Amino acid sequence: MSLDLSDLLGALALFFVIEGIVPFLNPAGMKRALARILEIGDRELRIAGLGSMLVGLVLLYLVR
């Protein structure tokens, strides 16, 4: 099982598409969410980031 450059670029392209959906469909909501993120403490933000990475790793393991 090998990961070639086209897989990596495809995943990166999909990431950009998914990341662009919310600001495209609801820019005001995106601004509110970003303002809320500024209020969250570093510890809570790190925990959320870790949880997101773990979910991503599990999904990647299940797909691959």
Which parts of the range 8-24 would a label at Ser52 reach, counting a residue when its backbone N lies under 15 Å from a point 7 Å out along Cα-to-Cβ? 15-23
Identify, among Met53, Leu9, Leu25, the residue whose Cα sits farthest towards the positive end of the charge dipole of the chain, taking +1 on the Cβ of Lys and Arg and -1 on the Cβ of Asp and Glu, with the dipole about the Cα centre. Leu25
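Values in this text are rule-based calculations from the coordinates and carry no lab data. Please read all numbers here as calculations on a predicted model, not as lab measurements. Cβ coordinates were reconstructed from backbone atoms using ideal geometry, including for glycine residues, and neighbour counts include every protein chain displayed.
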